[in-house]
Amino acid sequence: MFHKAIELNYLDGTALAVTFEDGAVKKYDMRALFPKYPQLRALEDRALFLSGRLMGAYGIRWNDELDIEAETIYEDGETVRRESLRLQTAPAHAVASARALAGISQKRLSELTGIDQSDISKIERGVANPSVATLERIAKALGGRLDIKIVLPTADG
C-alpha cells in the first residue's frame with residue numbers, strides 16, 4: 001500500500017513532520033540519508049530546506065536533484081502522533097491526490113467538469129465545502145467513483 005502525504009511541516013535543522021492520509025504524523029530527519037546521498041547535505045542550508053514542497057502526495061521535492069519519496073518517510077520515520085482528519089480537509093486531499101494521480105491540471109479538470117478552475121483550487125485547499133454532487137462530477141471526470149465511508153472505532157482504539 002502506498003502512503004500518501006497530505007501535509008508538510010518543517011522542524012529544527014533538517015527534520016520534517018509529515019502528515020499522511022491515514023492520520024499518521026511522522027518525524028523524519030533528512031540527516032539520516034546524508035551518508036548514502038551526500039548531495040542531500042545541501043539541505044543544511046535552511047533557505048533551501050524550507051523551499052521543499054509536496055509533490056502531490058508522493059514525496060517532497062526541493063529541486064531537480066533533491067527529493068525524497070513519501071514512502072521512505074512513512075516507513076523509516078518516527079510516528080509522533082495520529083490525527084483525526086477533519087471532514088472539511090478530507091475532500092481537499094482526496095481531490096488533489098486524485099487529480100495528481102490522473103496527471104491533469106486544475107484547468108483541464110475544470111474543462112472536464114464544468115466547474116470553474118478557481119472553485120477546484122478552493123476545494124483542493126480546503127476552503128470550499130463541495131457538495132456530494134460536485135465531488136461525484138469530479139470523480140467521474142477523473143475516471144473514478146466517489147466512495148464515502150464512516151469508520152467506527154474498534155474495540156482496541
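A short reminder: the numbers here are calculations on the coordinates, not readings from a lab. Because the structure is predicted, anything quoted here is derived from the model rather than measured. Reconstructed Cβ throughout: ideal geometry from the backbone, glycine too, with neighbour counts over all protein chains shown.
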Extension reserve of the Asp45-Asp22 stretch, reckoned as 0.36 nm per residue once the Cα distance is removed: 5.2 nm
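Listing Phe34, Phe2, Phe49, Phe20 from the residue with the fewest other Cβ atoms within 10 Å to the one with the most, what is the order?
Details: Phe34 15, Phe2 11, Phe49 18, Phe20 24.
Ordered by Cβ neighbours within 10 Å, fewest first: Phe2, Phe34, Phe49, Phe20.
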Sorted by Cβ density within 10 Å, fewest first, the residues Leu50, Leu109: Leu50, Leu109
The stretch 89-141: relative contact order in percent, alpha carbon pairs under 8 Å with at least 6 residues between: 43 percent
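Please get the size of the charge dipole for the stretch 89-141, origin at its Cα centre, with Cβ charges of +1 on Lys and Arg and -1 on Asp and Glu, quoted in debye to the nearest 20. Provide the component values of the computation, followed by the final result.
Numbers: 7 positive and 5 negative charges, 19 e Å.
That gives a dipole near 100 debye.
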Mean Cα-pair separation over length for the chain, i.e. relative contact order, pairs under 8 Å, 6 or more apart, %: 17 percent
Sorted largest first, extent of the chain alpha carbons per principal axis (Å): 50, 44, 25
For the stretch 5-82, alpha-carbon Rg over 2.2 N^0.38 Å: 0.99
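Report the full-extension gain for the segment Lys140 to Asp64: residue separation times 0.36 nm, less the Cα-Cα distance, to one decimal in nm.
Details: separation 76, 0.36 × 76 = 27.36 nm, distance 3.34 nm.
That pair, Lys140 and Asp64, stretches by 24.0 nm at full extension.
Please give the calculated 222 nm ellipticity per residue for the chain, where each DSSP H segment of at least 4 residues contributes -39500 (n - 2.57) and the sum is spread over every residue; nearest 500 deg cm²/dmol?
On the way: 6 runs with 52 residues, N = 157.
Mean residue ellipticity at 222 nm (helix-derived): -9000 deg cm²/dmol.
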